[in-house]
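Visitor: Quick one: this structure, given as structure tokens, is what I'll be asking you about.
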Amino acid sequence: MSRIFLKSAAVAFASVAVSLLLTLIIVPAIGFPFNRTIWLTSTVCPLALAWIASAYTFWQGERLKSAHRDLARAHAQLAAAHRRLSEKASRDDMTGMLNRESFFAALEASRRKSDRGALLIIDADHFKIINDSYGHLTGDEALLLIASAIERGVRSGDVIGRIGGEEFGALLVGATEQEAKRVAERIRGEVELIRFRPVDERVIPLTVSIGGVTCGEDAGVSDLMRAADHRLYQAKHRGRNLTILDRDIPEAA
């Protein structure tokens, strides 16, 4: 408020100075003598009018600036809330990984850029037995442990998601076939090392089977998924707790 008062005072006194200057020039030019009324008119009127008008103008300007700041703050808060909601909508509630839709969107975006790399599909072995024997809450605990093992096994920059009940996907960005095999084996080993004791002290073994394929430049998402699923089926068929990853996409996949 004090700033508005000072600014309006400066405008008012500037108006008085201009008014007096014009009076000193115009009044003698038209042949009128200077008197008290002229002096008062040329000082008091511009002083009062300019002060009130400028104070009101500056006050409205400050209100407009304040409203603009509030609007900018609200817009920033809304944008932040939108980002949080978008992030939450793209994540699996239990594991915090990308959900199925977001993972496939990331995979599709990678294909549009013709990025090389590898796709892994990771499936928990004998998981129905855990759910049936110990309940779904225990099964959820096991899934969280497996999800953490997958996160430890992938590299920085890789994209991981939960694409089914006990099935996960990993997009290994830019990975060669050998790098992808090392990552897949590291994930499989991390899960195998888990000592899961939900009841008493008996350890329930946790393992995963992994099927994977390297991403050729011309391979589409559906082709890659069919190929990785085919390798996963082979890993399950050969005894589970196994990784199978090849370069070529089989015609029958």
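The values are calculated or read from the model by the stated rules, or taken from the named source; none is laboratory data. Just so you know, these numbers come straight off a predicted model, no measurement behind them. So basically every Cβ, Gly included, is an ideal-geometry build from the backbone, and we count neighbours across all protein chains shown. These accessible areas exclude ligands, DNA and RNA; they are computed on the full protein's heavy atoms, side chains included. Shrake-Rupley method; radii C 1.70, N 1.55, O 1.52, S 1.80 Å.
To keep it simple, each residue is scored yes or no on (1) in contact (Cβ under 8 Å) with a residue 24 or more places away in the chain; (2) surrounded by fewer than 16 Cβ atoms within 10 Å (Cβ to Cβ).
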| residue | (1), (2) |
| --- | --- |
| 128 | no, yes |
| 132 | no, yes |
| 149 | yes, no |
| 164 | yes, yes |
| 168 | yes, no |
| 172 | yes, no |
| 205 | no, yes |
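Visitor: Mind checking whether some residue in region 51-68 is surrounded by 11 or more Cβ atoms within 10 Å (Cβ to Cβ), at pLDDT 80 or above and of a type outside the set (D, E, K, R)?
Guide: no
Visitor: For region 174-191, which positions are over 22 Å from residue 222 (Cα atoms) and open to solvent by less than 10 Å² (accessible area, probe 1.4 Å)?
Guide: Within region 174-191, 183, 187, 191 meet the criteria.
Visitor: Any chance region 84-91 includes a residue that's open to solvent by less than 40 Å² (accessible area, probe 1.4 Å), out of contact with any strand residue (DSSP E or B) (no Cβ under 7 Å at 6 or more places or on another chain) and modelled with pLDDT under 80?
Guide: No.
Visitor: Report, by residue number, each residue of region 198-229 that is out of contact with any strand residue (DSSP E or B) (no Cβ under 7 Å at 6 or more places or on another chain) and either in a strand (DSSP E or B) or not hydrophobic (A, V, I, L, M, F, W, C) (or both). Explain how you work it out, then say what you get.
Guide: In the first step, residues of region 198-229 are kept if they are out of contact with any strand residue (DSSP E or B) (no Cβ under 7 Å at 6 or more places or on another chain); the result is 199-202, 205, 207, 216-223, 225-226.
Result: 200, 201, 202, 205, 207, 216, 217, 218, 220, 222, 223, 226.
Visitor: Could you please give the count of residues in region 96-126 that are on the phi > 0 side of the Ramachandran plot and open to solvent by 10 Å² or more (accessible area, probe 1.4 Å)? Before you say what the answer is, go through the steps one by one.
Guide: Restricting attention to region 96-126, the residues satisfying the condition of being on the phi > 0 side of the Ramachandran plot are 96, 114, 117, 126.
Right, trim to open to solvent by 10 Å² or more (accessible area, probe 1.4 Å) and you get 96, 114, 126.
Final tally of qualifying residues: 3.
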